[in-house]
Structures are given as structure tokens and as C-alpha cells.
1. Residue-wise, which Karplus ³J(HN,Hα) couplings in Hz belong to the range A:25-31, taking 6.51 cos²θ - 1.76 cosθ + 1.60, θ = phi - 60°, and x for glycine or proline?
2. Apply the Karplus curve 6.51 cos²θ - 1.76 cosθ + 1.60, θ = phi - 60°, to the phi angles in the range A:77-85 and return the couplings in whole Hz, x for Gly and Pro.
3. In the range A:175-272, which trypsin sites (Lys or Arg not before Pro) are in a loop and have at most 14 other Cβ atoms within 10 Å, using DSSP for the loop call?
4. Can you give me the long-range amide H partners of B:Ser77? Hydrogens built in the peptide plane at 1.01 Å from N, cutoff under 5 Å, separation of 5 or more residues or another chain.
5. For the pair B:Asn136 and A:Glu131, how long in nm is the line joining their label points, each one 7 Å along Cα→Cβ?
6. Once phi is turned into ³J(HN,Hα) by the Karplus curve 6.51 cos²θ - 1.76 cosθ + 1.60 with θ = phi - 60°, what whole-Hz value does each residue of the range A:11-17 show in order, with x for glycine and proline?
7. In the calculated pair distance distribution of the range A:9-89, what percentage of Cα-Cα distances lie above 14 Å?
8. Rank these for me by crowding, B:Asp298, A:Asp20, going from fewest to most other beta carbons within 10 Å.
Amino acid sequence: MQGYTLAELLAVEASKYVKDDEMNFVGIGTGGQAWIMAVGMPTVAVCLAQHDHAPNATLMIGPVLDPLLDDIYVPDANWEYDLIHWPCRCQIPLEDALGIFRQGRLGLSFASAAQVDKYGNFNIARIGTKENMKVRLPGCLAQTDHGAYANRICVTVRHNRRTLVEHVDFISSAGHENREGLPGGGPVLVLTDKAVMDFEPSTGLMRLKSVHPGVKVEDVIENTGFSLIIPSSVPETSPPTKEELQLIREVIDPKRKFLEARITQEAAVLEE
Amino acid sequence: MKMERINKLITLKQAGEMISDGDKVAIAGSLIRRHPMALVHEIVRQKKKNLTILGWNNGIDFDMLIGAECVKEAHSSYVGLSNVGLAPNFRRAVQEGKVRFVDHSETCAIDKFRAGATGAPYALSKTPLHNDLQKNPEYQKEVTDPFTGEKWIALEAFRPNIAIMHAHRADIYGNVQLDPQRMMDNETDILICKSADKVIVTVEEIVEEEEIIRTPAQTVLSKFFVDAVVLAPYGAHPNSCDLRYDFDIQHSRLYRDMSLSQEGFIEYMDKYVYSSSNWEEYLEKIGKDRLDAITRTDIIRR
């Protein structure tokens, strides 16, 4: 028994990438595991950073800007009524919120995707080719905009060959293959249930950074649909400290609204 | 010659008749929020054909129009049912190539409405660089910034024939208001309406002009922009309507389940849309208990 959950491990890891005095972004999301990866875990990451090295970091949850993130302020459900009443410092028209990151003022943007490839291209639009489409997904949302303008992107996905693919079927967000003319920095961090990955600066290719405690490098290679860059030595992802766990469990998310998606209509855990 | 003031309050049926086959129809609302469903039902009942539907973030509004075969082309950044899942008719029609769908990002779709709303021929964006938005011809017009020489993509303005929106209240002259506390996702509705040649707004309530005059800062569309107003309480159902009522997740799940097959969708439409001669009959089928369950009873602060 390791004494922490996967969602806690990922939240602590992601929090290290939140910088002080930057605007960070999560969407409004759907429910269940997908919501934990795209919204719940990232929100806890930002709140952890606010309690530590980034007290001036802010979060944008759609048009709700700079909400109070400790549990006592967070609504029990995410109906529209509750989102409108969530204590925050600013509610602005969505097109103005989107304007913030077009000006290069978006720090870390959190995303999830149906497919991610070796260059960090994401796909949330369709599986299959246009002529032979297996699944038409809902569409790009603002992900394309984040790919173009966010300073940094953290994507969280399941670690399997269906998701981590050689080439995505549709590029809904641009990775590192060609960023000519794009103001943003693209993806910097890939979090999965097995490992943490980043991108090699010289090639823009995805590289293994650390494996979660108990996971073997071979297991990561086996479950990745392309040839991942493997450094000569691969450390373990740092487990959460006692203090970090206490902060998450007592102050930030005691009711598991975020890390088990209990704020949505569909509670879940990241462990399968 | 002495003229009368124009009373813009019309029936849902009359509103539907303002839309012609082949029109470009812009639909306000976002995701599962405040899409003008009463008017969507009426468009379906009047069997409009070959519409091009435009939005920035859509759900059951697009899905139903596509399933009912009113649509030849659709533009949005999203067509889905949020936490209820994929939009079944949209998925089926696009996979089978029956409807041309043009993928946009949120800023690209909104920029195209803003260009239309401000009379500009196009908007400039870097969003489409190096991704598959450029697979559609709408994204292939490159322009060079005359000041820096940088490459940008020109996005042609959306200029819909008609825009349809659901709002909280209006007077009979077409002055449209939104409640002060609201989900700011839907502010784009205002740009959508201003981009169109004609605008129809359905509302939760009709108020006296004096009430509008008492609260003019809450008017988001002056009567100058609005061609017709229709009274349609719960007119966004099953979408949410800010602090007035929640997303009806129960009915949305029923819609999704029945729409998983073409036969099931036809059965849903027969039961809820085609056999209802107006919006009130649809609401009776949803039932008072269900509507009460999603209704918030707070007093709207002004």
C-alpha cells in the first residue's frame, strides 16, 4: 500500500510546473475519469502551487476567472447555478477570457485528448480518416487556441497504444513538429497513469522523464505506440510528501470534489 | 403620415416562417446552455431544408436539426451533449458524410461572428497554423501582416441570414435583457445576433417597456437589432438558463439513449416534437414535476 492515490501523485507533479503570477487554464469538462484528468487534478495542482511557491497564480475555469479554490469555497455540484455562485474575483465574457491567452498571458494550460503523438500533437476531433471515420468526436473546442498561444501545456491521458500514437488522426492542437509563427510554447508535460514525459528540445520528440513508483520502464515502452526517447537513467516520479497529502486531504479537497469528480454528476477514481 | 410603433411580439409559428430553406442560420447558446430550443423545434416541425447552421459551441440544438435532416452544412467548435456524451445524430451524419461539418476552434468561430458584427470582411488569426483546421478551404487564405511581414490566416466573416437566441426577458418592441447574474460563456450570443441580417429572440418573459427603461444597463440588444420576439418560457429546455433553471440531465439522457439509433430518434421526435403543435404541448409532455425539479426559485437580483 503506497499511501496516496494516482490523482494525488499527478496533482503534486503538475503543481511543480505552475509558476507564480501566471494565469492557468482548465476547461469546464464533462464527468468521471475524463473530468479528473482534464479539470479536477489540474485544479488541485494550481491550488497546491498557490499554497506553496505560486501564491499569485490564478486559474481560469471557462469564464470563471480567479476562483477561490480551497474546499470551503468550492460548490458541492457544478450545475450552472453553482458555477455562477462560485466565489471568484472576476467573471468576464468568454471571448475576453480567450483574448487573455491570445495576448500571450496564459501560463500553463491543462488538457486531455483522445490521441497524443510523439511530437505532442493532440486530437479531440475524430478517430479514423475523413473518408473512413470510426468516431466523430465533438470537436476542437479551445484546444487549438491553447496549442497556438499557451506558454506551456500539460496533457493528461491514459497510458496505452490507442492513446499514445505515432501520428494523430486529426491535429486539433499543434505540437513541436512545426511551430513557425506560433506565439505559444506548446506541450511541455505529459502525465499518465504510468509515467511523466516531456519533450527533447533539439528534436521536439517525447521523452520519458520519470516512471511512477512501481512501474517498470519496459512497461512504459510496451504501452506507448511510438518510439519514446529513453534517457540512460530514468528516476521515479517523486511521491507526494506527508505535508502535501495533508494539504490535499484536509484543506484543498477533503470531500474529493476534484480528485474523485464528486462535484460532477459522475464520481470516479483514476485507478482502473 | 402618422405611423404606429412596431410591436415585434409574434408567435413561434410566425417566427419559424421567417426562416427559408437554404438559409444560413446562426444559433446562440453554448454547450448545454441557453440554446433556443423552442424555435429549433419549430424549424423542425416546418421541415426546413438545406440550412447551413453556424455556432461556436453547440449541443442538442445542432444534433436535433441534423437528425431531422434540416441541415446540409454545419460550423462549430463543438457538437456534443457534455457530460451526457457524444451527440448521436451529429456523429452518425458526419461519419456517413451526409452533412458537411467544418471544424473551428472557439476563437476562430467567435472571430468570424465578431467580424460579421463589426462589418469587417474577415478576422485575422494564428490559431489555424500547423493543425488540421487548415484541411477545410475556409482556413486556407493566407495574408501577410503589412507591418511585420508575419503570416496570418484570414477567416471570412460569418454573415448569417438570420440569428436565433434565447434570452431572459424583453419588451414587445424588441429590447432584449439578460439577468445580471449569468454564465458569461453566453455573451457571445450578442455578437452572433449582431452578425445577422435578421434576429429572432425567444424569451422567458415579456415585460413592460417601463421595466426596461428602469434597468437599461441590462439590455444586451436594443430593439434596433431585433426583428422579432417570441414568448417561450423554458424555451431552452433541456439546456440550462443561467439562474432560472438547470440543465435537465434526465431528459438529455433520454434524448441520447433514444437517438442512438435512427429509428429511436424518429420515435423521440414523433413523441416530443412532431406531435406537439407548439412549445406548451412539449412542456406538458416534460411535465410540471420535472420542470419544477430543475427550476431555481431564487429572486433574480437587479
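1. With the stated coefficients, the range A:25-31 comes to 10, 10, x, 8, x, 10, x Hz.
2. 9, 10, 4, 3, 3, 6, 5, 5, 8
3. A:Lys216, A:Lys255
4. B:Asn57, B:Asn58, B:His104
5. 2.1
6. 4, 5, 4, 5, 4, 5, 9
7. Tail fraction, whole percent: 60.
8. B:Asp298, A:Asp20
Throughout, read-outs are computed from the coordinates displayed, never taken from laboratory work. Predicted model only: the values in this text are computed from it and were never measured. Glycine also receives a Cβ, built like all others from the backbone with ideal geometry; neighbour counts cover every protein chain displayed.
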